[in-house]
Amino acid sequence: MTQYTVPRGTRDILPEETTLWQFVEQKAREVFALYNFREIRTPVFEHTELFLRGIGENTDIISKEMYTFQDRKGRNLTLRPEGTAAVVRAYLESNRRNQEPLSKLWYQGPMFRYERPQAGRYRQFHQIGCEVLGAGNAYQDTEVIAMAQHFFTALGLKDLEVHINSVGCKICRPVIKERLKSFLGDNLDNLCEDCRKRFETNPLRILDCKNPKCNDFFVGLPDISSVLCADCKSHFHDVQDYLNILQIKFKVNPRLVRGLDYYTKTVFEVISGQLGAQNAVCGGGRYDNLVQELGGPALPAVGFAFGLERVVLIMQNQNITVPDARPYILLAPLGENACGRAAVFAEALRHSGVPAEIDVSAKGLGAKLKSANKLGVAYVYILGDDELLEKCGQLKNMLTGAQEKVAFTDFAARLQKNYQQDRGEK
Ligand code: ATP
Ligand code: MG
């Protein structure tokens, strides 16, 4: 028989891990709400044109990573490689600007990039991200960085660093590019093939090259921040001031650029020492031209996205555990007659909010107690023929091993009370 496997670069997230995922998602929801962000959900695929226009043709994503296909009517569609372009599209399409001067939106979901799969890098991966549309001031850049920091702290993650930089705007970016090109020009032959291409198409991205050979040539590189225009300089300065006021630790990394073309002024990453080559957990920045580029008004914006796979990986490395919701009680009917009665109890408990499991198999008591142990339940309620006659089951406390008779009439209320008490104590 054929054994089917997941496609390369994708993976199943099994129940042992989904507990962590749900914890991360829940924390994001809570923290983002504290900052007045509201969730937006956009489709998993969009018109290819949106990404071509939004992300930039000379980026890795557009040139080699997109999952593009034609539907039956020949429409050119692409599985989203990132979230921002679609959020901006939805923002413009729904005329949100007429309803609110400042939109603070967040999203979550799978993204698709045809990349070389490795630890922390997949072809289907999951992001949670946020976008603020309509604010150009430096406070807003800082607020999203503060929110990212708040969120990672709430998860209990340790040893993360915030790196920031400014990549300039329409006015100073050409100057930055020229400086970079004249510096690297002499060493062009020593750079990797990708970088030689980038030299012509997107020189800033050379700074982002992961090839250690190229990195050697960056020593003595001109500092981008010295070439910024007055406006970008003072914006970058203000962002750092706000970060200091809020006591958020950060490093200015003059080599930090991002993989997408739309960034202007502030860019930032949250870096973990524990992810090896895939050390970026979260990336973001300001994108003041994208809204206009996608057909809207000239509207400044800023946002970030983090990868859930990488966050979960760090949590596992740092031994961060979260409580797993397990059943509180196992109903153990012995013999067919007891099964109906046990089913009624199980259902009654569930309706009163007590997680209950039932074992209707033909196994004996020993085997059922064993599976109760495996489930990690606090109690087992044993119902055999004698108990049915007496209308009274045996309640076994799995922690102490103590067993006592509990009448059918008292059972549900008793369990509900125990459950509430146990939960309250935790
Ligand atoms: P990298 O430099 O690692 O390729 P990136 O700059 O392409 O990251 P962004 O597009 O900014 O990443 O996405 C933000 C976050 O999404 C990253 O910091 C990372 O956590 C996550 N991410 C990006 N690509 C992948 C992928 N292929 N697999 C898993 N997570 C990813
Ligand atoms: Mg990438």
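The values are calculated or read from the model by the stated rules, or taken from the named source; none is laboratory data. Bear in mind the structure is a predicted one, so any value in this text is a computation, not a measurement. Cβ coordinates were reconstructed from backbone atoms using ideal geometry, including for glycine residues, and neighbour counts include every protein chain displayed.
Tabulated values for the structure
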{"item": "Filter result (within 7 Å of ligand 1 (Cβ to nearest atom) and surrounded by fewer than 17 Cβ atoms within 10 Å (Cβ to Cβ)) within region 104-120", "result": "E115"}
{"item": "Top-ranked residue of region 154-201 - restricted to ones that are part of a helix (DSSP H, G or I) and polar (S, T, N, Q), ranked as surrounded by the fewest Cβ atoms within 10 Å (Cβ to Cβ)", "result": "S182"}
{"item": "Test for G303: is it modelled with pLDDT of 95 or more, within 16 Å of ligand 2 (Cβ to nearest atom) and either outside the structural domain of E143 (by TED's automatic domain parsing) or under 30 Å from H126 (Cβ atoms) (or both)", "result": "no"}
{"item": "Enumeration of residues in region 246-270 that are away from ligand 2 (no atom under 14 Å from the Cβ) and surrounded by fewer than 21 Cβ atoms within 10 Å (Cβ to Cβ)", "result": "L246, Q247, I248, K249, F250, K251, V252, N253, P254, R255"}
{"item": "Residues located in region 41-55, provided they are more than 30 Å from R196 (Cβ to Cβ), among the charged types (D, E, K, R) and surrounded by fewer than 18 Cβ atoms within 10 Å (Cβ to Cβ)", "result": "R41"}
{"item": "Count - residues of region 318-346 that are at pLDDT 95 or above and in contact with a strand residue (DSSP E or B) (Cβ under 9 Å, 6 or more places away or on another chain)", "result": "16"}
{"item": "Matching residues in region 256-281 - criterion: being part of a loop (DSSP other than H, G, I, E, B) and near ligand 1 (Cβ under 9 Å from one of its atoms)", "result": "R258, G259, L260, L275, A277, Q278, N279"}
{"item": "Residues satisfying the stated conditions in region 313-332, i.e. closer than 18 Å to I271 by Cβ and surrounded by 21 or more Cβ atoms within 10 Å (Cβ to Cβ)", "result": "I314"}
{"item": "Matching residues in region 108-158 - criterion: being away from ligand 2 (no atom under 16 Å from the Cβ), within 14 Å of the chain's Cα centre (by Cα) and closer than 17 Å to A86 by Cα", "result": "Q108, G109, I128, C130"}
{"item": "Residues that are under 17 Å from G295 (Cβ atoms) and of a type in the set (D, E, K, R), drawn from region 27-56", "result": "E46, E49, R53"}
{"item": "Where E390 falls short, out of the listed (1) loosely packed, with under 15 Cβ neighbours inside 10 Å; (2) under 34 Å from the mean Cα position of the chain (by Cα); (3) at negative phi", "result": "(2)"}
{"item": "The lone exception for E100 - which of (1) farther than 30 Å from E193 by Cα; (2) within 16 Å of ligand 1 (Cβ to nearest atom); (3) of a type in the set (D, E) it fails", "result": "(2)"}
{"item": "Selection count where residues are out of contact with any helix residue (DSSP H, G or I) (no Cβ under 7 Å at 6 or more places or on another chain), under 20 Å from M147 (Cα atoms) and among the charged types (D, E, K, R), scope region 4-29", "result": "2"}
{"item": "Qualifying residue in region 51-74 (condition: touching a strand residue (DSSP E or B) at 6+ places or on another chain (Cβ under 8 Å) and closer than 29 Å to Q149 by Cα)", "result": "yes"}
{"item": "All positions within region 375-404 that are part of a strand (DSSP E or B), in contact (Cβ under 8 Å) with a residue 40 or more places away in the chain and closer than 17 Å to K363 by Cβ", "result": "V380, Y381, I382, L383"}
{"item": "Residues (surrounded by fewer than 21 Cβ atoms within 10 Å (Cβ to Cβ), of a type in the set (G, A, S) and either away from ligand 2 (no atom under 16 Å from the Cβ) or in contact (Cβ under 8 Å) with a residue 40 or more places away in the chain (or both)) located in region 271-290", "result": "G273, G276, A277"}
{"item": "Pair list, Cβ < 9 Å and 6+ apart or interchain, from region 21-42 residues that are touching a residue at least 24 places away in the same chain (Cβ under 8 Å) to residues that are among the aromatic types (F, W, Y) and surrounded by fewer than 16 Cβ atoms within 10 Å (Cβ to Cβ)", "result": "none"}
{"item": "Selection within region 107-126 - in contact with a helix residue (DSSP H, G or I) (Cβ under 7 Å, 6 or more places away or on another chain) and either modelled with pLDDT of 95 or more or among the acidic types (D, E) (or both)", "result": "Y107, Q108, R113, Y114, E115, Y122, F125, H126"}
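Matching residues to (1) out of contact with any strand residue (DSSP E or B) (no Cβ under 6 Å at 6 or more places or on another chain); (2) among the hydrophobic types (A, V, I, L, M, F, W, C); (3) free of Cβ contacts under 8 Å to residues at least 24 places away in the same chain; (4) farther than 22 Å from L290 by Cβ:
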position: G129; (1), (2), (3), (4): no, no, no, no
position: G136; (1), (2), (3), (4): yes, no, no, no
position: F152; (1), (2), (3), (4): no, yes, no, yes
position: I176; (1), (2), (3), (4): yes, yes, no, no
position: N187; (1), (2), (3), (4): yes, no, no, yes
position: D194; (1), (2), (3), (4): yes, no, yes, yes
position: P203; (1), (2), (3), (4): yes, no, no, no
position: F217; (1), (2), (3), (4): yes, yes, no, yes
position: V227; (1), (2), (3), (4): yes, yes, no, yes
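Residues are listed down the side, and each one gets a yes or a no for (1) more than 14 Å from ligand 1 (Cβ to nearest atom); (2) at pLDDT 95 or above; (3) crowded, with 19+ Cβ neighbours inside 10 Å; (4) in a strand (DSSP E or B):
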{"position": "E57", "(1), (2), (3), (4)": "yes, no, no, no"}
{"position": "K64", "(1), (2), (3), (4)": "no, no, no, no"}
{"position": "G74", "(1), (2), (3), (4)": "yes, yes, no, no"}
{"position": "T78", "(1), (2), (3), (4)": "yes, yes, yes, yes"}
{"position": "R89", "(1), (2), (3), (4)": "yes, yes, yes, no"}
{"position": "L92", "(1), (2), (3), (4)": "yes, yes, no, no"}
